[in-house]
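Trainee: Below you'll find the structure I mean.
The values are calculated or read from the model by the stated rules, or taken from the named source; none is laboratory data. Source: prediction; values computed, not measured. Here the Cβ is made from the backbone with ideal geometry for all residues, glycine too, and neighbour counts use every protein chain on show. Quick note on the areas: whole protein, heavy atoms, side chains included, nothing else; ligands and nucleic acids left out. Shrake-Rupley method; radii C 1.70, N 1.55, O 1.52, S 1.80 Å.
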2 protein chains.
Amino acid sequence: MEYIVDNIKSQMRKGLLEYCILLILNKKEAYASSIIEELKQANMIVVEGTLYPLLIRQKNQGLLNYRWEESTQGPPRKYYMITDKGRSLISEMDLAWQEIVSTIETIRK
Amino acid sequence: MEYIVDNIKSQMRKGLLEYCILLILNKKEAYASSIIEELKQANMIVVEGTLYPLLIRQKNQGLLNYRWEESTQGPPRKYYMITDKGRSLISEMDLAWQEIVSTIETIRK
DNA sequence: TAAAATACCTTGTATAACAAAGTAGTATTT
DNA sequence: AAATACTACTTTGTTATACAAGGTATTTTA
């Protein structure tokens, strides 16, 4: 039974990830590990193998850019930042999210 | 640009579908086409090729049952109804859904 | 200098949604 | 009565995403 719940939970999170990444980067540029950390704080577990390809994908779609930056404690970090295109996508996704929330409410009646 | 939005929207809906089906059947038994209709009313487009395998999956997981019923206008219909197991899953998923909503709020700050 | 830590990246697998096509029973039209 | 339309259920092949697991490289620490 638990495995069913876990599976559905992870399915629910799917698709929201892209939105979350944009929301996070809309506030402040960040590098992958710090994004994972922030998501964890917000109760959303994501692993590296999920996030890295996603960032690359969004970068290739022109939603993000990045620059390398030296770290004082470890290897250099790839800081991602949102682009204008990414920002305008966010407003559309805000709407889509509200729609989904209201869809669930409607179905629940 | 539009195709990006549409893609993300459809990704967002993913995973929520299972939850929606259970919510719908929790109110009243229904057959596939009528479920699709109700989802459409609530602004969630789903096609047959998506729904039928999902219903079969949930049936195999013991979340649903079904019975055949004659129709006065067309071929017989397969009415699905939720089981006790399905009902107890719903309460867990209600929690999961609230968690997700609050995750988005947290990230948005 | 070896081990640990940090950070990035890639590959293979499983799953879910969808498009599209198929099957079959029932109703309608000619 | 035969052909067509409609309703409903089902299956197949494709695509996309998340994840587990493993890999590379740089820096710090023991």
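Trainee: Specify which of the listed residues (A:N26, A:N65) is surrounded by 13 or more Cβ atoms within 10 Å (Cβ to Cβ) and more than 14 Å from chain B (Cβ to nearest Cβ).
Mentor: Answer to the selection: A:N65.
Trainee: Suppose we keep only residues that are surrounded by fewer than 15 Cβ atoms within 10 Å (Cβ to Cβ) and within 14 Å of DNA strand D (Cβ to nearest atom) within the stretch A:40-49. Which one would you say is nearest to the other protein chains (Cβ to nearest Cβ)?
Mentor: Residue satisfying both the conditions and the ranking: A:N43.
Trainee: Ok, one more. So, in the stretch A:25-50, exactly how many residues are in a helix (DSSP H, G or I) and within 30 Å of B:S91 (Cα to Cα)?
Mentor: Residues meeting the conditions: 7.
Trainee: Restricting to the stretch A:73-86, give me the number of residues that are more than 9 Å from DNA strand C (Cβ to nearest atom) and without any contact (Cβ under 8 Å) to a residue 60 or more places away in the chain.
Mentor: Qualifying residue count, the stretch A:73-86: 4.
Trainee: Suppose the filter is in contact (Cβ under 8 Å) with a residue 60 or more places away in the chain and open to solvent by less than 90 Å² (accessible area, probe 1.4 Å); does B:Y31 pass it?
Mentor: In short, no.
Trainee: Also, I was wondering about something else. Any idea which of B:S71, B:S33 is at pLDDT 95 or above, within 11 Å of DNA strand D (Cβ to nearest atom) and polar (S, T, N, Q)?
Mentor: B:S33
Trainee: When both residues are 6+ apart or on different chains and their Cβ atoms are under 7 Å apart, which pairs have a first residue that lies in the stretch B:34-57 and is in contact (Cβ under 8 Å) with a residue 24 or more places away in the chain, and a second that is surrounded by 13 or more Cβ atoms within 10 Å (Cβ to Cβ) and not in a helix (DSSP H, G or I)?
Mentor: Note: pairs meeting the criteria are B:L55/B:L64; B:L55/B:Y80.
Yes/no matrix, rows are residues, columns are (1) facing another protein chain (nearest Cβ under 7 Å); (2) open to solvent by 20 Å² or more (accessible area, probe 1.4 Å); (3) touching a Leu at 6+ places or on another chain (Cβ under 6 Å):
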{"site": "B:Q11", "(1), (2), (3)": "yes, yes, no"}
{"site": "B:E38", "(1), (2), (3)": "no, yes, no"}
{"site": "B:Y52", "(1), (2), (3)": "no, yes, no"}
{"site": "B:L55", "(1), (2), (3)": "no, no, no"}
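Trainee: Does A:K85 meet the test of being open to solvent by 70 Å² or more (accessible area, probe 1.4 Å), more than 28 Å from B:Y19 (Cβ to Cβ) and in contact with a Leu (Cβ under 7 Å, 6 or more places away or on another chain)?
Mentor: yes
Trainee: Which residues, taken from the stretch A:87-108, are within 15 Å of DNA strand D (Cβ to nearest atom) and closer than 18 Å to A:K27 by Cβ?
Mentor: A:L89, A:M93, A:W97
Trainee: Among the residues of the stretch A:77-86, is any assigned to a helix (DSSP H, G or I) and either within 11 Å of another protein chain (Cβ to nearest Cβ) or within 16 Å of DNA strand D (Cβ to nearest atom) (or both)?
Mentor: The answer is yes; a qualifying residue exists.
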